[in-house]
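Colleague: Could you have a look at this structure, given as structure tokens, before my questions?
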Amino acid sequence: MKRIVLFPLPIAIIVYLMSNWWLNKNYTDIEPNIRTYIAIGAALVSGVISYFLFQGDTEKIDSSDGRRKK
């Protein structure tokens with residue numbers, strides 16, 4: 001559970017917010033629900049990619065004080 005919360009979830013939220021803002025700003029001719037689906041898809045893809053790419057980084061963090069192990 002720690003691996004999901006530490007990296008992929010914040011990345012997915014940021015991607016959702018930025019893609020939703022970008023689509024609302026530049027592509028207003030697309031229906032709002034379709035823009036939301038596109039933003040959700042982008043967030044899911046980025047969350048899955050970051051889940052696998054940051055696999056080793058979560059093991060380096062010490063659970064007791066949150067500092068990186070050396």
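Every read-out reported here was derived from the displayed coordinates using simple, explicitly stated rules and does not represent laboratory data. Just so we're clear, the structure is a prediction, and the values are computed from it rather than from any experiment. Reconstructed Cβ throughout: ideal geometry from the backbone, glycine too, with neighbour counts over all protein chains shown.
Colleague: Give the span of the range 2-59's Cα atoms along each principal axis, as three whole-Å numbers ordered largest to smallest.
Modeller: Extents along the principal axes, in whole Å: 45, 14, 13.
Colleague: Further question on the same structure: Take each of the peptides 19-28, 42-51, average the number of other beta-carbon atoms within 10 Å over its residues, and list them starting from the highest. Please report the intermediate quantities before stating the final value.
Modeller: On the way: 19-28: 13.2, 42-51: 16.5.
Result, highest mean first: 42-51, 19-28.
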